[in-house]
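Notes follow the structure.
The values are calculated or read from the model by the stated rules, or taken from the named source; none is laboratory data. On a predicted model such as this, the values are computed, not experimentally measured, just so you know. In case anyone asks, the SASA skips ligands and DNA or RNA and just uses the protein heavy atoms, side chains included. Shrake-Rupley method; radii C 1.70, N 1.55, O 1.52, S 1.80 Å.
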Amino acid sequence: RTETLMQCILPEGRDQLATKDDLKTLETTLRSEIRTEIAKQTRYFTFMLIGFMMTIWATMIPIALAT
């Protein structure tokens, strides 16, 4: 019965199922990709913040020196 059920559920065969090693490889790959993307995002926001602060300072310093 079990074999018949598995044949109905997985017509391509059991080799289509992910093994524990497959899942471990996927986990490692995803973690490294997530770390890379977080690093990119952090750099992007850091540069945006620096640009914003330079704009504010460029506006405020002449005003402060004029008074």
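With protein chains left intact and a 1.4 Å probe, residues in the chain average 97 Å² of accessible area per residue. Of the whole protein surface, residue 43 contributes about 130 Å² of accessible area at a 1.4 Å probe radius. Length gained on full extension, residue 50 to residue 22: 5.9 nm, using 0.36 nm per residue less the C-alpha separation. Within the assembled protein chains, the solvent-accessible surface assigned to residue 34 is about 100 Å², based on a 1.4 Å probe.
Could you check how much of the accessible area of the chain is carbon and sulfur, as a whole percent, using a 1.4 Å probe?
That fraction is 67 percent.
With no solvent and one equal point scatterer per Cα, compute the Debye intensity ratio I(q)/I(0) for the chain at 0.12, 0.17, 0.19, 0.21 Å⁻¹ and report its log10, rounded to two decimals. Per q value, in the given order, log10 I(q)/I(0) is -0.63, -0.80, -0.85, -0.91. Which angle between 0 and 90 degrees, to the nearest 10, do you get for helix 20-66 versus the longest principal axis of the chain when only C-alpha atoms count? Result, in degrees: 10.
Working note: 222 nm ellipticity from helices only, DSSP H runs with n ≥ 4, each -39,500 (n - 2.57), summed and divided by the residues of the chain, gives -29500 deg cm²/dmol to the nearest 500. A full extension of the chain between residue 37 and residue 67 corresponds to an added length of 6.3 nm, given 0.36 nm per residue minus the alpha carbon distance.
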